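A quick write-up on the structure given underneath.
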Amino acid sequence: MNKRLLCFIFLLSIVCVHSAFAQRPVPQGRQNPTQRVVDPDEVDEEGSIRKSLLDDSTKMVYGPKTSLYFFEKDIKRNNLILYPQDTALNNFHNYEPVAKSNWKYQDLGNIGSAAKPTFYEIPDVIGARSGFSAYDLYYHAPENNKYFDTKSPFTEMSAFFGGGQRNMLDIGFARNINPRWNVGFDFHTIRARKTLNPVARDDNMTVQNSYSIHTNYRSENGKYWFLGNFSRMLHKVNEIGGIIPPEEDSTSVYFTYEDAKVWLDNTQASDLRQEYRFYHEYSVRDELQIYHIFDQKNNDFTLTAALNSSDSLFYPLARLNASLDSTQLDTTRNYSDFKEWGNEVGFKGSFKGFYYNAHVKFRAGRMKSTFYPEKNNFNEVYLGGELIGKISEKWSITADGEYLIPGAFKLHGLFISPWLEVDYTKAVYKPTLMQQMYYGNHYQWDNDFDNVGVDQIRGVFKVDFDKFILRPSLTINRVNNYVYFNEERMAEQASGEAFMLIPGLKANVRIGQKFQWDTEVIFTQISGEASDSFRIPRFYGNTKFYFDSPMFNENVYVQLGLDIRYHSDYFAEAYFPSTQQFYLQNNFNVYAYPIADVFLDFRINRTRVLLKYNHLNSGLMKEEGYFVTPDYTGYKSFIDLGITWFLFD
């Protein structure tokens, strides 16, 4: 640990010196009048606008305002927003994906492990989906990736050195070929050592390599746009199956971490994803543009387990595929391949403050598995559209919808005002292909489930004062025909409805000139015949109190404080590696337990550094530790270090 800390400090000193002296001035560029640029000096740590602190200098240097980025969705909606690079400190210490979500995912207690949303979410796709979503959180989907408008070569480098050898590296690069053509790439790795029962220094639970290559081009007359992206992820997980319960093995003890006795040593899950995505449009006039989106996905999901080892004690005795393949007697290899081709063609435009869109979308694909008795193909046709009316900067209304021929649809409306935000969604969507048909070595089914229906209404009040901001909210869900995995780990469809009443509150309070208190609480009440199909903690809370102020003549910006999270008792879903699914269980209480982290985030020039001590209250509670999933313990006490820096030339 001392060697790593010395290396980290040495690297930080080099970067800070480089950041301070390596910038070169360039002439002021001309801004396209149709573009909206978000000024980083007008955005505070919460993302809201504040008074500009810029001086009157006519010079500029390569920096966050010369390496801007935008998203495909904004181009599609005729609302190009150019964002500067993020140098904010708020929540920077929560760098890993589950922490970055404000701990609203349930995982297996390590970076890169299987994860699912804690709260119910309506799927984005109402048609065919694979159903293998345990590693979605770690995939950088092309439709969400950044496209750049740079004036110079730009590099972003982030390194996260987590305690217990939980490491991440993220690198992004972009440059302009000419003022209208930019190219770039992103590279991401995860190397997360097992937190439970590692047998060597490099005994990793998670090994991920992913990258994307992107480009965007605009014609000289500005009428034609092209955005292209290729993304690939290979995510490998050495499964452990959880800690062996003491009632199964009297020598097994919870909260021994590196010395824990776990079920699996020879089981590996693999998630390989490759995706091509192209968006292009041609503007006939301001009121009319024609666009086309092509998307091709290929997802391979594999689970391999050596049944001639002690791993066989974890799995059911059934070897359902052994009669077709004798190797399945001593080795489980569950393989599924999902492939999809999509084309969306439509027209859109802006007229007197209104945006409209009408489109038709074609999706074709298949789910292939080694032991499927027949092909599982799909062909889908969608009709859809969107209408946005922007009355002013603070008032707008949106209506959009999509109809899958036949039988599935999604309607959505959104109203935004200075003091109230309301959105409503009504959808009928298909169960996943995996829920309908699965032929693994230990479990098999062939179902004919009905479509799932949902109504959701959400309202947020906006209460803003000088020293505090309040966002009370209320969400109401009605879900029928919900499909889940039951106590026998089999796909099942609920026969009735579930009703969710979810009041919540977000609060940001400024205390004096240098302290900040941020809090979020969510209460969930589930009723109805299908209520037991959902496992959500009744109470969720997250609060953060910290010092927030510049220091050393405003050369260093610092946030130092305490971050606490908590949820009430609940029978959280368990995880089964063979199917790569979370399933219901009624025996293991993931009990209430507050977790406190101490953090220090600081920024020198444009270099950000994080230092976090996880689980400060370890050993101070009645319980020895906490669980995140049945038989999977959460973090013990250790230190995380991280750094992000930008190079603009």
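The values are calculated or read from the model by the stated rules, or taken from the named source; none is laboratory data. Note that the structure is a prediction, hence the values are computed from the model and not measured. Note that we place each Cβ from the backbone using ideal geometry, even for glycine, and neighbour counts take in every protein chain shown. Note: accessible area is taken over every heavy atom of the protein model, side chains too, but ligands, DNA and RNA are not part of it. Shrake-Rupley method; radii C 1.70, N 1.55, O 1.52, S 1.80 Å.
Here are some notes:
- Of all residues in region 113-158, those that are touching an Asp or Glu at 6+ places or on another chain (Cβ under 6 Å) and under 30 Å from residue 568 (Cα atoms) total 3.
- Residue that is nearest to residue 549 (Cα to Cα), among those in region 603-627 that are open to solvent by 30 Å² or more (accessible area, probe 1.4 Å) and touching a Leu at 6+ places or on another chain (Cβ under 7 Å): 603
- Hits in region 211-226 (condition: out of contact with any Leu (no Cβ under 7 Å at 6 or more places or on another chain) and open to solvent by less than 50 Å² (accessible area, probe 1.4 Å)): 212, 214, 215, 219, 222, 225
- Test: residue in region 315-327 that is out of contact with any Ser or Thr (no Cβ under 8 Å at 6 or more places or on another chain), open to solvent by less than 60 Å² (accessible area, probe 1.4 Å) and part of a strand (DSSP E or B): no
- Failed item, numbered, when residue 290 is tested on (1) in contact with a strand residue (DSSP E or B) (Cβ under 6 Å, 6 or more places away or on another chain); (2) surrounded by 15 or more Cβ atoms within 10 Å (Cβ to Cβ); (3) among the hydrophobic types (A, V, I, L, M, F, W, C): (2)
- As a summary of the residue check, residue 193 satisfies the conditions (1) touching a residue at least 24 places away in the same chain (Cβ under 8 Å); (2) farther than 30 Å from residue 330 by Cα except for the one numbered (2).
- So residue 277, is it free of Cβ contacts under 8 Å to residues at least 40 places away in the same chain and either touching a helix residue (DSSP H, G or I) at 6+ places or on another chain (Cβ under 8 Å) or buried (at least 17 other Cβ atoms within 10 Å of the Cβ) (or both): no
- Residue among 590, 556, 628, 609 that alone is touching a helix residue (DSSP H, G or I) at 6+ places or on another chain (Cβ under 7 Å), touching a residue at least 40 places away in the same chain (Cβ under 8 Å) and among the hydrophobic types (A, V, I, L, M, F, W, C): 609
- In region 198-237, the residue that is modelled with the lowest pLDDT out of those that are in contact with a strand residue (DSSP E or B) (Cβ under 9 Å, 6 or more places away or on another chain) and among the acidic types (Asp, Glu) is 202.
- Selection of region 96-114 for residues being part of a loop (DSSP other than H, G, I, E, B) and open to solvent by less than 10 Å² (accessible area, probe 1.4 Å) yields 96, 108, 109, 110, 111, 112, 113, 114.
- If you go through region 569-600 and pick out every residue that is touching a Gly at 6+ places or on another chain (Cβ under 9 Å) and either over 30 Å from residue 440 (Cβ atoms) or at pLDDT below 95 (or both), you end up with 6.
- The single condition among (1) open to solvent by 30 Å² or more (accessible area, probe 1.4 Å); (2) more than 31 Å from the chain's Cα centre (by Cα); (3) at pLDDT 95 or above that residue 358 does not satisfy is (2).
- Residues of region 554-565 satisfying the condition of being open to solvent by less than 60 Å² (accessible area, probe 1.4 Å), aliphatic (A, V, I, L, M) and closer than 17 Å to residue 517 by Cα: 558, 564
- The one condition from (1) open to solvent by 40 Å² or more (accessible area, probe 1.4 Å); (2) closer than 21 Å to residue 105 by Cβ that residue 205 does not meet is (1).
- Counting only strands (runs of 3 or more DSSP E) that sit completely within region 388-504, those holding 3 or more residues that are open to solvent by 50 Å² or more (accessible area, probe 1.4 Å) correspond to 396-405, 408-416, 452-461, 468-480.
- Filtered residue count, region 172-199, keeping only those that are farther than 30 Å from residue 244 by Cβ, aliphatic (A, V, I, L, M) and open to solvent by less than 50 Å² (accessible area, probe 1.4 Å): 2
- Pairs, first without any contact (Cβ under 8 Å) to a residue 60 or more places away in the chain in region 436-462, second open to solvent by 30 Å² or more (accessible area, probe 1.4 Å) and among the hydroxyl-bearing types (Ser, Thr, Tyr), C-beta under 7 Å, six or more apart: 452/482; 457/424; 458/473; 459/473; 460/473
- Cross-chain or 6+ apart pairs with Cβ under 6 Å, region 408-432 first and free of Cβ contacts under 8 Å to residues at least 12 places away in the same chain, then acidic (Asp, Glu): none
- Taking region 451-477 as the range and being of a type in the set (Lys, Arg) and modelled with pLDDT of 95 or more as the test, the residues that pass are 458, 462, 471.
So that you can scan it fast, the table gives a plain yes or no per residue for (1) part of a strand (DSSP E or B); (2) of a type outside the set (S, T, N, Q); (3) closer than 30 Å to residue 487 by Cβ:
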site	(1), (2), (3)
518	yes, yes, no
526	yes, yes, yes
529	no, yes, yes
535	no, yes, yes
543	yes, no, no
548	yes, yes, no
561	yes, yes, no
564	yes, yes, no
575	yes, yes, yes
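- Of the residues making up region 245-255, those that are touching a strand residue (DSSP E or B) at 6+ places or on another chain (Cβ under 8 Å) and either exposed (fewer than 15 other Cβ atoms within 10 Å of the Cβ) or free of Cβ contacts under 8 Å to residues at least 24 places away in the same chain (or both) number 1.
- Failed item in (1) out of contact with any Ser or Thr (no Cβ under 7 Å at 6 or more places or on another chain); (2) crowded, with 16+ Cβ neighbours inside 10 Å, with residue 369 passing the rest: (1)
- Every pair of residues 6+ apart whose Cβ atoms lie under 6 Å, when the first sits in region 155-169 and is over 17 Å from residue 636 (Cβ atoms) while the second is part of a loop (DSSP other than H, G, I, E, B) and open to solvent by 10 Å² or more (accessible area, probe 1.4 Å): 160/95
- Single unsatisfied condition, residue 69 versus (1) assigned to a loop (DSSP other than H, G, I, E, B); (2) open to solvent by 10 Å² or more (accessible area, probe 1.4 Å): (1)
- In region 508-553, the residues that are small (Gly, Ala, Ser), under 17 Å from residue 118 (Cα atoms) and open to solvent by less than 20 Å² (accessible area, probe 1.4 Å): 533, 541
- Residues in region 120-166 that are open to solvent by 40 Å² or more (accessible area, probe 1.4 Å) and assigned to a strand (DSSP E or B) were compared, and the one that is nearest to residue 95 (Cα to Cα) is 161.
- Taken across region 331-351, residues that are part of a loop (DSSP other than H, G, I, E, B) and open to solvent by 20 Å² or more (accessible area, probe 1.4 Å) do not occur at all.
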